[in-house]
Amino acid sequence: MSSHEPPMPVKLVPLPPFKPDLCERAWQSIPHPTLPLLATVHEKSVTVFSLSTLSPHSHLTNGHERSVRSTTWKPNLPPHKLCLITGSFDSSAGLWRWEDEGRGGSDNLEVEMTGGAREESEEKDWELIVVLEGHDSEIKSVAFSPSGQYVATCSRDKAVWIWEDVGASEADDEWETIAVLNEHDGDVKAVAWCPDTNRSGRGRYSSDVLASASYDDTVRIWREDEDGEWICVAVLEGHKGTVWGVQWEPNPKTDRFPRLLSWSADRTIRVWTLKEEEDEAQAAPRHAFGGLGGIPNTMRRSQKEEWSCTAILPTAHTRDIYSATWSPQTGRVASTGSDAVIAIYEEVASDPNGAVFTEDEAAAELDGDVPMSNGHSESNTEASSQWKLISTTPNAHGPYEINHITWCKRYDHDCPPEKRGVEEMLVTTGDDGIVRSWQIS
């Protein structure tokens, strides 16, 4: 930043790091969707931290032969039942469970977790229930669908696998492969399911939507059609390097379909928007001709969707962007990566008299400093907006690369009681084996 530029409006202040240091490269830290827990993957294990004590709650060990690369929590479980899935460099994914029926109810467990995990919690083992095998190479990412019915895994073998829970009950863990998606031309780095929000009006598909990011510089969107086949409905092209990850808009402010965030080795972060049908009523109803499945192929509507890059965020990084996170609370985006910089961006309404940038103009501004429009025209949104860079923090993990960043609710004792479980912080995970937390001032 040059001397004549105004200071950034937001500053990151370090909070106490999670202890103990892991003393080895850590890949990512994933907050539980409702409980004060954080799962961090490192070496061949996962350490589950308490967000109240910033110390370990429990450990997952002895399940994989090589490093664990990713993890995610199964949604919609009662608080005394925890479930994680892990993806490993050993080409397998593991489904783990931890539960304690002796807690005397979910409320007690939440109080104990918020107030600090008991010693019994630290000593209690996670149980490896199911091992999902089939990939030919390292699994890079795992993701549960919003309902928990599906798991997506992706790998260096260029494939995305979708697994379905076919168990007769919640306690009956039986998973089978329902799709192997081989359309990427390179290592698939990440998968992400669209959150279960604002997704009506797509009648010719199931409600589940999956995005995948790849070494082939593209993002692909996958849906299940009426024949039960998972198909690629869009290829998002524009990045000039490996796409390291994707995240769906967690809390859309309108009734439009959630946007998609992607980040890349080309040092850019892009926002993608679905062009929605203007009048769904004009489309053939599902019951016509006995349902779309009964319409001859020549009469079926196209299975392809039109997605466009509607924003390129201001440049803040000098090397690969490994991770970005979109806040459901504020709508801000934070990013980090190989240069150990943490950047924060904010989407703001543009001046009514201000210019609206096209994608071509956006690409011309990749060197920097001009905030880009998100591309919504006046015909499909009430107001246009721009993304602005509002904070940069260099050397956030010293000389070490940062592999992951996430927004997370605060439960620590330094947080005022009335703000616990409400106020957000950022959590970063890096090659130094330290899980750091940051307050936004």
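The values are calculated or read from the model by the stated rules, or taken from the named source; none is laboratory data. These numbers come from a predicted model, not from an experiment. Positions of Cβ are backbone-derived with ideal geometry, glycine not excepted, and every protein chain shown enters the neighbour counts.
Could you look through the stretch 61-82, keep only residues that are crowded, with 16+ Cβ neighbours inside 10 Å and farther than 21 Å from A190 by Cβ, and pick out the one that is modelled with the highest pLDDT? Per the stated criteria, the residue is L82. Could you tell me whether V271 is more than 24 Å from P394 (Cβ to Cβ) and modelled with pLDDT of 95 or more? Criteria met by V271. One residue stands out among those in the stretch 377-412 that are within 25 Å of F257 (Cα to Cα), of a type in the set (S, T, Y) and not in a strand (DSSP E or B): the one that is modelled with the lowest pLDDT, which is S379. Going by the structure shown, is G430 over 24 Å from the mean Cα position of the chain (by Cα) and under 21 Å from T318 (Cα atoms)? Spelling it out, it is not the case that G430 is over 24 Å from the mean Cα position of the chain (by Cα) and under 21 Å from T318 (Cα atoms). Taking residues in the stretch 118-134 that are over 14 Å from S88 (Cβ atoms) and modelled with pLDDT of 70 or more, and partners anywhere that are hydrophobic (A, V, I, L, M, F, W, C) and surrounded by 15 or more Cβ atoms within 10 Å (Cβ to Cβ), the pairs with Cβ atoms closer than 6 Å and at least 6 places apart or on different chains are W126/L60; W126/W96; W126/W98; I129/L95.
With respect to P33, is the statement that it is touching a residue at least 40 places away in the same chain (Cβ under 8 Å), assigned to a loop (DSSP other than H, G, I, E, B) and closer than 20 Å to D412 by Cβ true? Here the answer is yes, as P33 does meet what is asked.
Of all the residues in the stretch 36-52, those that are in a loop (DSSP other than H, G, I, E, B) and touching a His at 6+ places or on another chain (Cβ under 8 Å) number 2. Beta carbons closer than 9 Å, at least 6 apart along the sequence or on distinct chains, pair a first residue in the stretch 260-273 that is over 11 Å from S323 (Cα atoms) and touching a residue at least 40 places away in the same chain (Cβ under 8 Å) with a second that is acidic (D, E) and in a strand (DSSP E or B) for V271/E347.
Evaluated against (1) under 26 Å from E127 (Cβ atoms); (2) at pLDDT 95 or above, P14 falls short on exactly one condition, (1). Considering only residues of the stretch 83-92 that are assigned to a strand (DSSP E or B) and in contact with a His (Cβ under 8 Å, 6 or more places away or on another chain), which is surrounded by the fewest Cβ atoms within 10 Å (Cβ to Cβ)? This residue is S92. Counting only strands (runs of 3 or more DSSP E) that sit completely within the stretch 299-343, those holding 1 or more residues that are surrounded by fewer than 20 Cβ atoms within 10 Å (Cβ to Cβ) correspond to 307-312.
I'm checking my understanding of the structure. Among residues of the stretch 281-326 that are within 17 Å of D225 (Cα to Cα) and of a type in the set (D, E, K, R), which one is modelled with the lowest pLDDT? By that ranking, first place goes to R286. Scanning the stretch 413-440 for residues that are among the acidic types (D, E) and assigned to a loop (DSSP other than H, G, I, E, B) turns up D414, E423, D431, D432. Could you grab me the full set of residues in the stretch 167-182 that are under 20 Å from P78 (Cα atoms) and hydrophobic (A, V, I, L, M, F, W, C)? A168, A171 - these are the residues of the stretch 167-182 that are under 20 Å from P78 (Cα atoms) and hydrophobic (A, V, I, L, M, F, W, C). In this entry, G228 passes the filter for residues that are modelled with pLDDT under 95 and of a type in the set (G, A, S). Of all residues in the stretch 410-441, those satisfying the criterion of being within 21 Å of I344 (Cα to Cα), of a type in the set (D, E, K, R) and surrounded by 20 or more Cβ atoms within 10 Å (Cβ to Cβ) are R410, R436.
Does P33 qualify as being crowded, with 17+ Cβ neighbours inside 10 Å and not hydroxyl-bearing (S, T, Y)? Here the answer is no, as P33 does not meet what is asked.
Please determine whether any residue of the stretch 179-199 is buried (at least 16 other Cβ atoms within 10 Å of the Cβ), over 24 Å from G134 (Cα atoms) and among the acidic types (D, E). There is no residue in the stretch 179-199 that is buried (at least 16 other Cβ atoms within 10 Å of the Cβ), over 24 Å from G134 (Cα atoms) and among the acidic types (D, E).
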